[in-house]
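A.B. asks: Could you have a look at this structure, given as structure tokens, before my questions?
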Amino acid sequence: MAPTYDIEQLLLAQPSTRTVAGVDEVGRGAWAGPVTVCAVVTDLSEPPPGLTDSKQVSEARRGPLADALTGWAAGIGFGEATHREIDTLGMTEALRRAARRALEALPVRPDAVILDGKHDYIGAPWPVRLEVKGDAASISVAAASVLAKVRRDAYMATIGCADYGFAENAGYPSPQHQETLARLGPTPHHRLSWSYLDDLPRWRHLKRHRDPLVGEGQDSLFA
């Protein structure tokens, strides 16, 4: 099913709500690079054809769709948290900072936010409506998911490290990425607080240990 404006219209029916932003992130599960958040405000007009959750849009279609969304949306804001912020603060706080940066980059301050997922990592002062699979249900969240994905993928393709395949895997643990990481170790773009390093005896000494009161751990993903 294609996303709709049902959630946006439900929120806009409240007298105090005039503007709603859809928010989504990309890069949470990557081993390298930033986490990117996009916030999108629309005028409730018909979106570009083919808009849906970015995971359901082919790579060949994502770029042209993102271009169309850029000209269509009433407002777009991006925010990022670097791999160093993720290492220092933990993913939840890094996401919060990236999301706030995205919302503050919008041309108008939203009165409510539709956030994809089941955990509110944004918090006050924005009223947040959590929506599991919101990127498939809400037009503004779907637009945010596509724009965030295209932006982060484009960035990861520019940072080099060809042996790791970042241009293809965007820092996620593909077989090429895992094999090169085990052989050559982490790059300056890798998240060093993550427990994939526990599975790499040769590089384990590089792991950064966070204060547990600052952030949360990450399950090992190394195969």
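The values are calculated or read from the model by the stated rules, or taken from the named source; none is laboratory data. Everything numeric in this text was worked out from a predicted model, so none of it was measured. Positions of Cβ are generated from backbone atoms using ideal geometry, with glycine treated the same way; all protein chains shown enter the neighbour counts. All accessible areas refer to the heavy atoms of the entire protein, side chains included, with ligands and DNA or RNA removed. Shrake-Rupley method; radii C 1.70, N 1.55, O 1.52, S 1.80 Å.
A.B. asks: Percent of Cα-Cα pairs more than 25 Å apart in segment 44-172, please.
C.D. replies: 27 percent
A.B. asks: Relative contact order of segment 81-149, please, whole-number percent, based on alpha carbon pairs below 8 angstrom and at least 6 residues apart.
C.D. replies: Value for segment 81-149: 22 percent.
A.B. asks: Starting from a Cα-only point model with no solvent, please compute log10 I(q)/I(0) by Debye for segment 1-50 at q = 0.24, 0.29 1/Å.
C.D. replies: The computed values of log10 I(q)/I(0) come out as -0.97, -1.14.
A.B. asks: Spelling out what I want: for every residue of segment 186-201, take phi, set θ = phi - 60°, compute 6.51 cos²θ - 1.76 cosθ + 1.60 (Karplus), and round to whole Hz; glycine and proline get x.
C.D. replies: Result, rounded to whole Hz: x, 8, x, 9, 7, 7, 8, 8, 7, 7, 4, 5, 5, 8, 10, x.
A.B. asks: Would you mind calculating the relative contact order of the chain from Cα pairs under 8 angstrom and at least 6 residues apart, reporting the percent as a whole number?
C.D. replies: Reported as a whole number, the value is 26 percent.
A.B. asks: Carbon and sulfur atoms: what percent of the 1.4 Å accessible area of segment 51-149 do they account for?
C.D. replies: Carbon and sulfur atoms account for 51 percent of the accessible area of segment 51-149.
A.B. asks: For the chain, what does the accessible surface come to per residue with a 1.4 Å probe? Please give it in Å². Intermediate values should be presented prior to the final figure.
C.D. replies: On the way: 10540 Å² over 223 residues.
Accessible surface, normalised per residue, equals 47 Å².
A.B. asks: Say R0 is 22 Å: what FRET efficiency, to the nearest 0.05, do L184 and K207 get from their beta-carbon distance? Please list the in-between numbers first.
C.D. replies: On the way: r = 16 Å, r/R0 = 0.74.
The formula returns an efficiency of 0.85 here.
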